[in-house]
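Reviewing the structure listed below.
The values are calculated or read from the model by the stated rules, or taken from the named source; none is laboratory data. Small disclaimer: the values here were computed from a predicted structure and weren't measured. Cβ coordinates were reconstructed from backbone atoms using ideal geometry, including for glycine residues, and neighbour counts include every protein chain displayed.
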Amino acid sequence: MTVKVRKEVMHISLPVIDPPRKSKSGKTLPIASSNGPRRTSFKANGKSVVVMVTAYVRPDGYVKRRLQPKRGQSAARRVKNTRARSRKEAKVNS
């Protein structure tokens, strides 16, 4: 990955992944990625700028799963409960 700043515009170059491979979750097909956060030589306020980039497409037939609220519960509350449950499961499994 290369990062250059020209005329106050940051240009980021990434190698293309050809053919695209499925992500770990299987929800996307990454086309280019920095593979996580990368520190650059560019400085802002005296600190190195960190860049994280992923370009992807959705696989054919992908349907976004929508959470249905429990009876008498708002959708926002349902999402919050699901995230909390996922964190608890992750702690138990690690």
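Observations
- The stretch 1-16, residues that are modelled with pLDDT of 90 or more, not basic (K, R) and not in a strand (DSSP E or B): L14, P15
- Yes/no for V49 being modelled with pLDDT of 85 or more, surrounded by 10 or more Cβ atoms within 10 Å (Cβ to Cβ) and out of contact with any Gly (no Cβ under 9 Å at 6 or more places or on another chain): yes
- Matching residues in the stretch 17-55 - criterion: being assigned to a strand (DSSP E or B), hydrophobic (A, V, I, L, M, F, W, C) and within 29 Å of R65 (Cβ to Cβ): L29, I31, A32, A55
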